[in-house]
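I have placed the structure first, in the form of structure tokens, so that the comments after it can refer back to it.
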Amino acid sequence: MTTQKALFLEKIKGKLFIQDRDIQEAETGEVLVEIHATALNPVDWKIQGIEGFLKEFPAVFGSDASGVVKKVGAGVTNVSVGDKVLFQGAYDNRHATFQQYAIVAAEIVAKIPENLSFEQASTIPVTLATAAVGLYSPKPLGVALDAPWEAGGRGKYAGEPIVVIGGSSSVGQQVIQFAKLSGFSPIITTASLHNSAFLKTLGATHVIDRAAPLSELTQAVQAITSKPVTVVYDAISYADTQNAAYDVLAPGGTLLVVLNPAVDAGKITPKKAIVHVLGSVQLPNNRAVGRRLYANLTGLLDAGEIKPNHVEVLPNGLAGIPGGLEKLEAGVSALKLVARPQDNI
Ligand SMILES: NC(=O)c1ccc[n+]([C@@H]2O[C@H](COP(=O)([O-])OP(=O)(O)OC[C@H]3O[C@@H](n4cnc5c(N)ncnc54)[C@H](OP(=O)(O)O)[C@@H]3O)[C@@H](O)[C@H]2O)c1
């Protein structure tokens, strides 16, 4: 077979359509993956209106995937044809995941253990990268904590508090799980209270109702811990959450944000750093962390130390993605929408 189906965006703010395109060849160090599940991310509806993000039109997009290795390029030793794998794609037609086959560098591919379905595995890569880059990349890309997969990293931050704004978001869930592996305690998060029990299974120790006024957040955190909070990860990063998160942060600490920084200028102090996380292991700057993360990921998944988000499977393969993106934009709660590109379309 030489052609496949892909979901294309015609142009910025243009229509979405499914069309055939060539299946690409795996070059040296790369693998060709038959995509069995691809998860939707907020960026996938946002970029349809942003000039400059996608470079090639019509554009294939999407970047969370799992599937089966179909071909390996020269020099690939960590995976073989037939392996079930998960990986993060990139926003160009060769590497994007809203299609039936994609190319990815083998060093950022991990095998899926038996305890995860393709659909569950596909929920992990983008948000895992966003959490890992923020927490474990060197400054100024992240906070430069020692990663739990490196010698001496696991449990290293025992007794230190961390605050995660938006713990039930896909990004927030992964931050909580890494915070637990890193030893942070307490792990304080904000979410709707119906997600409290779930977030505690991931490692959160305290869930603050996100419906409570953000002006009371610092007080609520101080009622839980008297220690200075030096890491606050705002997985939501609206202007109001960033400002409240910055207030919670102690001098010497770092606020991690996932959207453009929006802390009020009058509040900014050199004593509190702000890092805008770019959560892709495809980016050259993040590749070193990504390589080590993926080398250790299968073990973390197999042990249940990194768990997937809840899954809702979209109907009709690639054709279900446009409706899924509308649903995602309208808002989901502790849920990942997943499409199966191999389904009949
Ligand atoms: N910089 C990057 O590289 C990068 C990477 C990935 C994502 N992002 C961005 O990160 C954001 C989160 O992405 P995602 O995929 O994790 O989103 P998501 O899973 O779709 O987020 C949905 C969750 O957000 C929570 N939420 C919404 N407003 C909140 C608030 N004011 N306070 C606390 N929680 C709130 C909801 O919590 P409840 O249901 O509990 O109410 C819900 O569970 C998006 O803006 C996305 O574009 C950036």
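The values are calculated or read from the model by the stated rules, or taken from the named source; none is laboratory data. Model, not experiment: these values are computed from the prediction. Positions of Cβ are backbone-derived with ideal geometry, glycine not excepted, and every protein chain shown enters the neighbour counts. Calculation scope for accessible area: heavy atoms of the full protein, side chains included, ligands and nucleic acids excluded. Shrake-Rupley method; radii C 1.70, N 1.55, O 1.52, S 1.80 Å.
Using just the helices of the chain, give the 222 nm mean residue ellipticity in deg cm²/dmol: DSSP H runs with n ≥ 4 each add -39,500 (n - 2.57), and the total is spread over all residues, rounded to 500. Helix-only estimate at 222 nm: -7000 deg cm²/dmol. Between Tyr101 and Ile35, the built amide H atoms are under 5 Å apart, and every one of these is 5 or more places off in sequence or on another chain. Considering the options Thr123, Ser192, Leu54, tell which one lies farthest towards the positive end of the dipole of the chain, charges being +1 on Lys and Arg and -1 on Asp and Glu at the Cβ, about the Cα centre. Selected residue: Ser192.
With an a/c value under 1.5 for the gyration tensor axes a ≥ b ≥ c computed over the alpha-carbon atoms, the stretch 127-276 is described as rounded. Please determine, in degrees from 0 to 90 and to the nearest 10, the orientation of helix 170-182 with respect to the longest principal axis defined by the Cα atoms of the chain, where the helix direction is its Cα long axis. It works out to around 60 degrees.
Within the straight-line cut-off of under 16 Å between alpha carbons, the lysines reachable from Lys71 are Lys84, Lys111, sequence neighbours fewer than 8 places apart in one chain being disregarded.
Among 221-234, 11-24, the peptide with the highest mean count of other Cβ atoms within 10 Å heads the list, and the full ranking is 221-234, 11-24. Summary of packing: across the peptides 54-60, 134-140, the per-residue average of other C-beta atoms within 10 Å ranks them, highest first, as 134-140, 54-60.
Within the assembled protein chains, the solvent-accessible surface assigned to Asp247 is about 70 Å², based on a 1.4 Å probe. Descending by average beta-carbon neighbour count within 10 Å, the peptides 294-300, 125-131, 325-331 line up as 125-131, 294-300, 325-331, the highest first. Placing +1 on the Cβ of every Lys and Arg and -1 on the Cβ of every Asp and Glu, with no other charges, gives the chain a dipole of roughly 460 debye about its Cα centre.
Hey, what did the stretch 38-99 get for relative contact order, percent, Cα under 8 Å, at least 6 apart? 39 percent. Counted over the chain, the DSSP beta bridges are approximately 60% antiparallel. Taken per residue, the accessible surface of the chain reaches 41 Å², heavy atoms only and a 1.4 Å probe. Pairs from the table (Lys70/Lys336; Lys46/Lys336; Lys180/Lys307; Lys227/Lys267; Lys139/Lys272) lying more than 18 angstrom apart at Cα are Lys70/Lys336; Lys227/Lys267.
Here the stretch 127-276 exposes an accessible surface that is 55 percent carbon and sulfur, computed with a 1.4 Å probe and the other protein chains kept in place.
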